[in-house]
1. Where both partners of a DSSP beta bridge lie in the protein assembly as shown, what percent of those bridges are antiparallel, to the nearest 5?
2. Could you tell me the calculated FRET efficiency between residue B:347 and residue A:246, based on Cβ-Cβ distance and R0 = 56 angstrom, to the nearest 0.05?
3. Return the whole-Å distance between the Cα centroid of segment B:127-180 and the Cα centroid of segment A:14-42.
4. Carbon and sulfur together cover what percent of the accessible area of the protein assembly as shown at a 1.4 Å probe radius?
5. Whole number please: convex hull volume per residue, Cα atoms of segment B:292-351, in Å³.
6. Where the only charges are on Cβ atoms (+1 Lys, Arg; -1 Asp, Glu), what is the dipole of chain B about its Cα centre, to the nearest 20 debye?
7. Principal axis extents for segment A:2-118, Cα atoms only, whole Å, descending order, please.
8. Per residue, how many Å² of accessible area does segment B:110-241 show with a 1.4 Å probe?
Amino acid sequence: MNQRKKTETVVEIKGLHKWYGDFHVLRGIDLAVKLSEIIVICGPSGSGKSSLIRCINGLEHHDKGVITVRGVELSSDVKNIEKIRADVGMVFQQFNLFPHLSVLENLTLGPIWVKKIPKAKAEACALENLKRVQIEEQAYKYPGQLSGGQQQRVAIARSLCMNPSILLFDEPTSALDPEMIKEVLEVMVDLAKDGITMVVVTHEMNFAKSVANWVLFMDEGEIIERNTPEQFFNSPQHERTKLFLSQIL
Amino acid sequence: MKAFFLKWNRAVKWSRKNLFSGPLSTLITVLLMVFLFKTFFPLFNWAIAEAHWNTTAMECREGGGACWSFIGEKARYILFGHYPRSEQWRAVFFILSIFLLFFLGQFRRLWSKYLIWACAVFPFVGTLLMRGGFPGLELVKMEDWGGLPLTLLLAFVGIVVSYPLGILLALGRRSSMPVINALSVCYIELIRGVPLISILFMGSVMFPLLLPEGVTISKVLRAQAAMILFSSAYMAEVVRGGLQAIPRGQYEAAKAIGLGYGQTMGLVVLPQALKIVIPPTVNTFIGLFKDTSLVFIISLSDLLFTTKASFKDAEWLGFSVEGYFFAAFIYFVFCYFMGRVSFRIETEMSR
C-alpha cells in the first residue's frame, strides 16, 4: 500500500450531537478514521460509545454534525443510507445472525441482494471469508448449531463478504464465555494485520495494546482522551481516564 | 398361557393404580363407565348395527336405526347443489385436486416453489374450470354453483387472497408512516369489531346499491370479497404477533449489510415471523373454512345450505340427523387435513 493511500480518510465525523429525548448522549464528537487504522473506543457504560459507532452506519440518526464515509455524506435519504451501509460492515454484541439461514446463506445474502453478485461467485467469496475466520467446515450448518464464538466469527465473515471500507465492532466479545473470547480476538487481530480499517468498542485492553493505532476514552458523550496505546496505558493525560483504567485493569 | 396371566396381572395392577386407587377414583371410574355404555352402545346401534344402507324411505321409517339410504339418495345434491349433472365431473375434479394438494403437501421432498405456486394459483384455475364459458367448456353461472365446491371455493380463494393481504396489513400496522399506519389500524379494528354476518349482508344488500345502474357483480363474488375482507383483518393480527417476536437485532443486522425495507422484510423478518405463527395461521384458515357456512343467510347454496335443502324432499322427510352427520363429517375431513398439513410443516421446519 503506497503512502498516499495510507493517509486517505475513510470516515470523518465533525461536530456530532445526538439526543435521546432530553438526554444529550453525544456532545460534539470529532473523529477521523484513516485507511488501515485501528481505533479502539472504551469508556464507562452510557458514555455514548455504541451510539457513536451506530451513527456511522445510520442505525441511529444524528441530530447535528456531519458524518462522511469515503467522501459521501450520510444524509437522511434512504438510498444514501443504504449505499453507505453496504460499504460499512458491523459486528454486533449479540451476533445477530439470521437463524433461518445456513451459515453460507447468511454470508451470501448481502452480496447477492445488495451487490447483485452472481450466486456462485458470492458463495466462493463466502467460503474464502469463512476460511479467513477459520470456520469453513461449518458452512452448511445453521447458526443455532454453533457456539457463541463460532457465531461471532461467522458474523465477522458476513461483514467481510460485503468487502467493506471499514468494519465497526460493537462490544464483539461482551456476550461470549471467557474461553471463546480468545478465538474471536485472534480473528480480529488477523484482520488488523491484514490492514482492514476498524473501529472497535471494547473493554479488551490487551487487544487495544497489541493492535490499536489509537485508543479513545469516552465519557458523558465526549471524547475525553485520544492517544496511542503506549501513552494511553502508561501515562494517561486525564484524571477520568486514570480513574477508569484503575477500575478495569 | 403363562404369558396371558402375566399380561392379565399387569392389567389388574395398572387399573388398580390408575382407576381404583381410592373410593373417589373408583366412584368416578364407575360413573364414567356407565356413561360410556349408556352413550356409546346406543350410538353404535343407531349408526351401524341397526342402520339402513340401501333401502327406500318407507323401510327406513319402519326400522329404528340411522337411515344412510337418505345420504345415498341425496349425496349428489348435497355435494353439488344445482350444478348441471352433465358437468359435475368438473366439480369432482376440483375436489379431488384439493385432496391431491393436501396429500402432496405432506412430503417434505416435494416442498418447492412449484408446490407453493400450485397452491396459490389452484383456487383461481379451479374457479375457471368450474365456471367454464370458453370453447370446450360450457358456461355454468356462479349462481348455479352449490354444495361442496362452493364451500371449498369460498374457503380456498379466501385463504389464498387474505394471507398476503393480511401480511401487508400487518406490515402497515407496524409502519412508521402515519397515513399507512392509521389506515391499517382503522381497517383492522373496524373489520374485527363487526360480525362476519353483517359484512356478508353489506356485500349482498348494500354494495349493489352503490354500483352504477346496469352493473351487477355475482353474489358469489360479493360473498367471496366479504370473506376475504374479514379474514385478512384477522390474518393481519396473527402476522403482527409473529413480527413482534422477531428481535430488533435481526432488523439491525439486515440493515447493516445494506438491505432495504422490502428485502429486510422479505428475506429476513417475514420468513421467521410467518414460521412462528403457523399454528394461529392455520387456526384462522380453519375458522374461515367453517365460516363459509354463514353464506346461507344471503342464500348462497353452500354445503350446509344444500344439506338443509335436502331435508325438504317430501318423500324423505325426517332424516335431518343423518344429513347433519354427513355434512359434519365432510367439514371434519377437510379441517383435519388442514391441521395435519400444518403439523407436518411445523415439525419439518423446526428441525
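1. Antiparallel: roughly 55 percent of the beta bridges in the protein assembly as shown.
2. 0.50
3. 54
4. 63
5. With only Cα atoms used, segment B:292-351 gives 81 Å³ per residue.
6. Rounded to the nearest 20 debye, it is 1720 debye.
7. Cα extents, longest axis first: 43, 40, 29 Å.
8. Spelled out: the 1.4 Å probe surface of segment B:110-241, per residue, equals 52 Å².
The values are calculated or read from the model by the stated rules, or taken from the named source; none is laboratory data. Quantities reported herein were computed from a predicted structural model and do not represent experimental measurements. Backbone-built Cβ (ideal geometry, glycine too); neighbour counts: all protein chains shown. For the accessible areas, the whole protein counts, side chains as well, though only heavy atoms, and no ligand, DNA or RNA atoms are used. Shrake-Rupley method; radii C 1.70, N 1.55, O 1.52, S 1.80 Å.
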